[in-house]
Each structure stands twice: as structure tokens, then as C-alpha cells.
1. Could you identify the single residue in A:K91, A:K56, A:K96 that is of a type outside the set (A, V, I, L, M, F, W, C), part of a loop (DSSP other than H, G, I, E, B), under 30 Å from A:K34 (Cα atoms) and over 26 Å from the mean Cα position of the chain (by Cα)?
2. Against the definition (closer than 20 Å to B:R172 by Cα and at pLDDT 90 or above), how does B:V140 come out, yes or no?
3. With the requirement that a residue be charged (D, E, K, R) and in contact (Cβ under 8 Å) with a residue 40 or more places away in the chain, what does the range B:266-309 give you?
4. So which residues in the range B:283-308 are under 15 Å from B:I272 (Cβ atoms) and buried (at least 17 other Cβ atoms within 10 Å of the Cβ), if there are any at all?
5. Only one of A:I235, A:I247, A:I192 is surrounded by fewer than 22 Cβ atoms within 10 Å (Cβ to Cβ), closer than 21 Å to B:P89 by Cα and modelled with pLDDT under 85. Can you tell me which?
6. Evaluate the following for B:A195: is it assigned to a helix (DSSP H, G or I), more than 14 Å from chain A (Cβ to nearest Cβ) and in contact (Cβ under 8 Å) with a residue 40 or more places away in the chain?
7. Any residue at all in the range A:80-91 that's open to solvent by less than 60 Å² (accessible area, probe 1.4 Å) and under 30 Å from A:A162 (Cα atoms)?
8. Can you tell which of A:T171, A:T146 is farther than 30 Å from A:L87 by Cα, buried (at least 19 other Cβ atoms within 10 Å of the Cβ) and at pLDDT 85 or above?
Amino acid sequence: MPLKRQKRQLRIQQNNMGEFLSEINWTPLWISMKTGVVATIIAFFLGVFCARKIMKLKPGARAIMDGILTMPLVLPPTVAGFCLLLLFSLKRPFGKFLLQNFDIKVVQTWTGCVIAASVIAFPLMYRNARAAFEQVDVNLIYAGRTLGMSESRIFWKVIMPAAGPGIASGTVLAFARAIGEYGATSMLAGNILGKTRTVSVAIASETAAGNFDMAGFWVVVIILISFLVVAAINIVSGRGMQTRRWI
Amino acid sequence: MAIELDIQKNFKGFSLNVKLKGQDGTMGILGASGSGKSMTLRSIAGIETPDSGKIVINGRTVFDSEQKINLRPQERRVGYLFQNYALFPTMTVEKNIACGFRGDKNEMAEKVADYIKRYHLEGLEKHLPSQLSGGQQQRVALARMMIGEPEVILLDEPFSALDGYLKDILQRDMQNFLKDYKGDMIMVTHSRDEAYKFCSQLTLLHNGKEILTGETRQIFEKPQYLEAAKLTGCKNFSAVQKMGPHQVYALDWELMFHIQEEVSDEITHVGIRGHWMRPANESGENVMAVQVEEYIENTFEHQYLIRNKEADGSTPLWWMCQKKDFQEKTEDRVPAYLYFPPEHLMLLKK
């Protein structure tokens, strides 16, 4: 093949690539990230709050509450989506109540994306926070009390920093789960381009429509983000710890 | 009279029932692990809540189940030194100490600096607890506790995690740092040596019950109860049968003893510390013919497990004797007879 032709071929490919990228509707990525951030914030505070409460329960009540709070992690996301739909549907009391009194619509809206992602990401945050709290020496709490520190100061200044690495990795995992959430999101929020279509929803619908280029592109994006997330966990949770190798 | 308590708490298979009346100075609570001594200390601090009873610190009722008073630990002004010091791992020395500060925030920095100096922690202000030696950690914990000017301080097995040499140094340090402290001090320990060294008053706990309270030396001299004698480290016991007003027969050792004081009917056992028996040349009153069963060579003393030679099935007992030098052979020091001085025979009841 003559050199000239090869160069032309390459230029066409580049043009195609440029054209492909310029034609992409980036809203799914933007919606995914926005949903991920907001859902992570919600899951963070809710997870930490519940983990703190559960640490104060007696063993029996603790096992039951823990089971309930972990449900979204073990159930198929579609089950969670179905339950959320039952709760928020405009035809049902609670959904009607929200719409009439607060003008809040959850089904087929971005709010639905956030709620679905929060519910699915919550157990990861909660379980990691709880495991981290369990590792904290309970004498630190007692010491703080005898020193006259208030309960909230003990919690935020002593326990949270001591549980730092576990809390951080919980947050990152919750974020990863939230941006990748598909089942519950597609049931509750649907698939409206520019409104509720997240990257994972986009992958499913592009594949279903036979647009493998587009689906493949989103797959690459998700793989990159997921890798960054896992690397971030390793860096965060490995900090301050001696890395012991098994040899 | 600074601290008074009378508390009960029930657990599965264990119940705590302690009555204490603190005298001035350092009080010790001596007990085996699981005797409830830490639980008692935690109840005073407010970390544990007893089922019923009353705790009074310097005339202030901090807990009273009848009047439904239960002050939070924050309000009790009780300093607590934890066995593992419980320093906040993510805070520097300076910040750790500042956590114990109570009062006007403007004076905090100055006072923290003062306590850092007092507890010889200069130059370590920005260090994290994990970067400190055991001794430094203990000083930080002491400084953090003392900066809040507690009315009572509680020491929970403060030396049990340390090895020999460091332990001696830290014990002396602690005594120096705490000698100016005007409030009361209660120390919990399972070591009779620490109890003897630190505490002028002692309470012995066994299975959640108080067995004896009194002046430390007196308790070691006359433990009165079998369990008390065991806690103070006595290893040789025998059940006895009273033979006369000043005579008992030790059933396990098959030996007759003459006792100085009059023997009451409650006495069930006799005990003697291994250090108090003396070698003797001939048979006589309170003398036992020696048959050695076992030797143990300790660093500075020989330890023998001996038995009454004239009674085959008798229970052996421990005899300790100081070494003269390291060359000495264990066998060289074995006497034909051992004398049990009447003043060291402890009459015990159950």
C-alpha cells in the first residue's frame, strides 16, 4: 500500500474519531457523576449515623437492625427498585402526599436517580463504618468521657479520625456503587435522555438498540472510573499502615 | 473520707457486691482477674452503671439508685488512667493533653504548656502516641488526666503491661508525679507487690465480694481469711483441727503446731509464707523433718517443694531461701529440719 494512501486512511479514521466524540451526548456521564456525589453524601451521613446508633444497641436488637439495614446489599437491585416504586408511585399515598404537599416527584425524575443510588450505596457505607467503629478501642470513648469531653466531640474528634481509613474506603465504595447503579435506577427513574439516563442505563439501552460503538465507549469510561476508585481505596486505606507482605 | 461506695451489680453467673470507704491516701483494690475490681473502678468513674447502691465522692453523691441519681462520667471529675493509657491515636501529645483541660479556653494553651513541662514531655508536643515509648505514653496519659484537676484518680492496673526494668522506673516516676496530688487515689491491681508498694489501705476482692479491708501491712501480716492469704501471695495452706487453746494439728502436713495467740473455733486453716520458715538442726516443737520433692532455681533464691519426711502421703509445701551467690548449688542448702516460727503462722477462716 502506497504511503500516501495509508496517510489518507489514517486521516479519515482520525476524523471519524473526532466526529464520534463530538457527536456524543455527555449528559449520562454528567448525570452519573452528579447522582454519585449526591447519593454518596446522603449515604455517608446516613451510614455513619446508623452505624453509630447500632453500636449502642444490645446484641439481639443489633443483629435484627443490622439485617434490615443490609438488605439493599443482598437483595437484587430490581427488588429494591420495585419497593421504591411502590413507595413513591404517584398513585399511592406517600407519593401523592409528597407531590401535593411539597411538589416533589420521585418517579421518572433525577430525584429518583439519587434515591435509588442512595439506597443501594447505603449498606456499603454503613457496613464499612460499622466495621471501622468496631475496631476502635472502646476505652477511647470512656477516656474522653472521664476527661469531660462531650459525646459529639468524642465522636467527631476521636472516633471518626480513629476509624478514618475504614470510613474512607466505605465512602469510596459507596460512590463506586452509586455511579454504577442500574437496576433500581432504571425502575424508579427510568431512562430519559438528559434527565435520568445515567452511564449504566445508557450502556443497557445502547446495547439493546444495537449501538455497540456507543455502548463500548461508555463501558470504557466506566472501567476507567472504577479503576481509579479502587486505586483510591488502596491508597487511602494503606496510608499510615505498614504494608506487610506475605512471603 | 473522700470516697464511699456500696454497689451491687448482677451478671450471668457473677454478682458484684462491694462496700468501700476510702481513707486518706492511696487505696488499693487487690483481686484476681475476674474478681470485679475493674468493674468497681469503672462504676466509680461512671463508665459502668451498677444495678443498685450508692457512690459518694467528697460528699457529692454521684450515683444513688434510690434517689435516681446517676451523674455522667463528664460531671464526676474522676480521673481514670487506663491500663493501655487510651491515648487518642490521631492526636498529637499536645492535643491529647488539651482534651483533658476544663475551664477558660484562653488559659488552655498556657496550661497545656505547663503540664507538658511538668511531665517532662518537652520536644514531644507534635508527636503522635504511636511514636512514643511506653514511659512517655504513660506520662502523656497522666498529664491529660491531671490537667483537669480531678477530685479522685483511679489507676487501672497501670503497670501490668510492662516488663521488669521499665516497670521499676515507671513506678518510681509515677510516685514522684503523684506525690503532690492532694486528692484521693484508688489503684486496682492483681499484683501483691504493687499493692504493697503503692497503697496504704487495701481492699481484697474475691468473686465480686469484698473479703477484707484494712491497713496494707496488717493485711499481709494477718490476712484472717483463706482467700485473703492466697491473694497476698501465700502459697502454703493446710486444713487444721484444733487440739487445745494454743495447739492445732495441720491435717495436710501431718504436723502439730503451737500457736502464740489463742485459737478460736472459727479457724479452719493455717498458712505460712515460704520465706518465713527457718532451717533447724534437730526435731522439736513446730519443726518438720524435710524431704525434698522438687527444686526450682530462681534468680536470687532457691525454691523447694518439700514434704514432711515422717508422713508419706502429706501435702508438700514451698520453702524459699535467699541465695548467697550464683555458684551455690541448690542441694547445698537443704536442711534436715525446718522450723515454723509461731509468730508467722497465720490462722485463717473460710
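The values are calculated or read from the model by the stated rules, or taken from the named source; none is laboratory data. Remember, it's a predicted structure, so these values are computed and weren't measured experimentally. Using ideal geometry, Cβ is built from the backbone for each residue, glycine included, and neighbour counts are taken over all protein chains shown. Protein only, heavy atoms only, side chains kept; ligands, DNA and RNA dropped before computing areas. Shrake-Rupley method; radii C 1.70, N 1.55, O 1.52, S 1.80 Å.
1. Just a single option satisfies the conditions, and that option is A:K91.
2. yes
3. Residues satisfying the conditions are B:E266, B:R273, B:R278, B:E282.
4. The answer is B:N286, B:V287, B:M288, B:V290, B:Y304, B:I306, B:R307, B:N308.
5. A:I235
6. yes
7. Within the range A:80-91, not a single residue is open to solvent by less than 60 Å² (accessible area, probe 1.4 Å) and under 30 Å from A:A162 (Cα atoms).
8. Just a single option satisfies the conditions, and that option is A:T146.
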